[in-house]
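Accompanying notes for the structure given below.
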Amino acid sequence: MPAPTELLITKASGAQVPFDEAKLRASLERSGATPELCDAVLEALRGKVVQGMSTRKLYRLAFDLLHRRARPVAARYRLKRAILDLGPSGFPFERFIARILEHDGYAAQVGVVVQGRCVVHEVDVVADKAEQHFLVECKYHSTPGRVCDVKVPLYIKARFDDVADRWRAEPGNGHRFHQGWVVTNTRFTRDALEYGLCAGLRMVGWDQPAKGSLRDRIDRSGLYPLTCLASLTRVEKQRLLDAGLVLARDIAAEAGVLEKMQVRPPRVNAVLREVAAVCERGR
């Protein structure tokens, strides 16, 4: 009797990998799904996953099943897609990273103009805590499958060194720890990661490193982007981003922001209920 054919799914990059039910279960659990809900979703998916299916379609099937059963879990499950939706410019992503750093105790500023030894630079995020000083470059991508290759840390290392030369020469800075960061919402190539780490940069990708990745930092902080909310339309999300909001919890903190957008009271209540449920894990 011939061996059963291995079920392959297609990633955004075009590469095919075996369908891993355990990995999907872990993703559901990380989103807050109970064991019973995980079992129900996986059982429903078993008859729908076909050879060569895209990971995007698989994600959509799982999301739809979650959305019908537990909206807050569905919102957290679509976290990666929600980060991709922090566009079309990279500014909301920079504000999002600043908020993550503030949660970790840093004083963070966005879009800071800094004089280097040779030229002036605009740094995406400058973060300070005690004797630590970080310059953070944010590399935002709006489509899955995009990666940061080695040219990214090469360029950022050169900028960092120019700023660091002048910064260390200023009074009171010689003893402080100074480091450049590269943060992306996708992934780094192997060469980019190896060069960045060798050059002394901190490299933070969607799932790199295993501890301290962007996904890990979001899950630990409970700071979910407002783009994960299913109760808002795409247009409403964009208007909130344009107004300077970036987190789901910002909507509850900014009294009347939805009413100013002429969202009707019944929907306002639905949005605020979803915000409370999505953010509950971060309290």
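Once each part is reduced to its C-alpha centroid, what is the distance from the stretch 242-261 to the stretch 161-187 in angstrom?
33
Measuring from centroid to centroid over Cα atoms, what is the spacing of the stretch 195-210 and the stretch 76-90 in Å?
Measuring centre to centre over Cα atoms gives 21 Å.
In deg cm²/dmol, rounded to 500, what helix-only [θ] at 222 nm does the chain give when every DSSP H run of at least 4 residues adds -39500 (n - 2.57) and the total is split over its residues?
Value at 222 nm, helices only: -14000 deg cm²/dmol.
Of the listed peptides 210-221, 85-96, what is their order by residue-averaged count of other C-beta atoms within 10 Å, with the highest listed first?
Per-residue Cβ counts within 10 Å, averaged per peptide and sorted highest first, yield 85-96, 210-221.
Using amide H atoms built in the peptide plane, which far-off residues or other-chain residues are under 5 Å from residue 224 H to H?
HN-HN under 5 Å from residue 224: 248, 249.
Tell me, what HN-Hα J-couplings in whole Hz come from the Karplus equation 6.51 cos²θ - 1.76 cosθ + 1.60 at θ = phi - 60° for each residue of the stretch 257-264, using x for Gly and Pro?
Values, residue by residue: 5, 6, 4, 5, 8, 6, 6, 5 Hz.
Report the FRET efficiency, 1/(1 + (r/R0)^6), for residue 114 and residue 150, where r is their Cβ-Cβ distance and R0 is 22 Å, rounded to 0.05.
0.35
If you build the Cα gyration tensor of the stretch 149-283 and take the root of 5 times each eigenvalue, what three semi-axes come out, in whole angstrom, biggest first?
With the √(5λ) rule applied to the stretch 149-283, the semi-axes are 38, 18, 14 Å.
If we restrict to alpha carbons, what Rg and Dmax does the stretch 24-79 come to, in Å?
Values for the stretch 24-79 (Cα only, Rg and Dmax): 10.4, 30 Å.
Please state the relative contact order of the stretch 44-196 as a whole percent: Cα pairs under 8 Å, 6+ residues apart?
20
At a Förster distance of 41 Å, what's the computed FRET efficiency of residue 131 paired with residue 207, Cβ-Cβ distance as r, to 0.05?
With a Förster radius of 41 Å, E is 0.85.
For the stretch 8-77, with only Lys/Arg (+1) and Asp/Glu (-1) charged at the beta-carbon, what is the dipole magnitude about the Cα centre, in debye rounded to 20?
Rounded to the nearest 20 debye, it is 320 debye.
Restricting the count to DSSP beta bridges whose residues both fall in the chain, what percent are antiparallel, rounded to a multiple of 5?
In the chain, DSSP labels about 55 percent of beta bridges as antiparallel.
By per-residue mean of other Cβ atoms within 10 Å, what is the highest-first order of 225-236, 261-272?
225-236, 261-272
Evaluate E = 1/(1 + (r/R0)^6) for residue 30 and residue 122, where r is the Cβ-Cβ distance and R0 equals 45 Å; express this FRET efficiency to the nearest 0.05.
Computed FRET efficiency for residue 30 and residue 122 comes out at 0.80.
Enumerate the amide H contacts of residue 148 below 5 Å, restricted to partners 5 or more residues apart or on another chain; note that Pro and chain-start residues carry no placed amide H.
Residues meeting the amide H criterion: 187, 188, 189.
Answer with one residue from 140, 265, 169: the one whose Cα lies farthest towards the positive end of the charge dipole of the chain, charges on Cβ with Lys, Arg +1 and Asp, Glu -1.
Toward the positive end, the furthest listed residue is 265.
Hey, got the dipole for the stretch 81-139? About the Cα centre, +1 on K and R Cβ, -1 on D and E Cβ, debye to the nearest 20?
So the magnitude is around 100 debye.
Where the Cα atoms of the stretch 225-282 are projected onto their three principal axes, how long is each span, largest first, in whole Å?
On the principal axes, the stretch 225-282 reaches 29, 23, 20 Å in Cα extent.
Could you grab the relative contact order for the stretch 8-77? Cα pairs under 8 Å, six or more apart, rounded to a whole percent.
Rounded, it is 39 percent for the stretch 8-77.
Magnitude of the Cβ-charge dipole of the chain, K/R +1 and D/E -1, about the Cα centre, nearest 20 debye?
It works out to roughly 740 debye.
If each residue of separation counts as 0.36 nm, what is the full-extension length gain between residue 165 and residue 259 once their alpha-carbon separation is subtracted?
Full extension from residue 165 to residue 259 adds 28.9 nm.
Averaging sequence separations of C-alpha pairs under 8 Å and six or more residues apart, then dividing by the length of the chain, give the relative contact order as a whole percent.
That works out to 15 percent.
With no solvent and one equal point scatterer per Cα, compute the Debye intensity ratio I(q)/I(0) for the chain at 0.13, 0.14 Å⁻¹ and report its log10, rounded to two decimals.
-0.96, -1.07
So for the pair residue 267, residue 53, with labels modelled 7 Å out along Cα→Cβ, what separation do we get in nm?
About 3.2 nm, to one decimal.
If you take the charge dipole of the chain about its Cα centre, with +1 on Lys and Arg Cβ and -1 on Asp and Glu Cβ, which of 227, 16, 70 is farthest toward its positive end?
Checking the options against the dipole of the chain, the answer is 70.
Read the figures in this text as sums done on the coordinates, not as results from a lab. Bear in mind the structure is a predicted one, so any value in this text is a computation, not a measurement. Here Cβ is always computed from backbone atoms with ideal geometry, including for glycine, and neighbour counts include all displayed protein chains.
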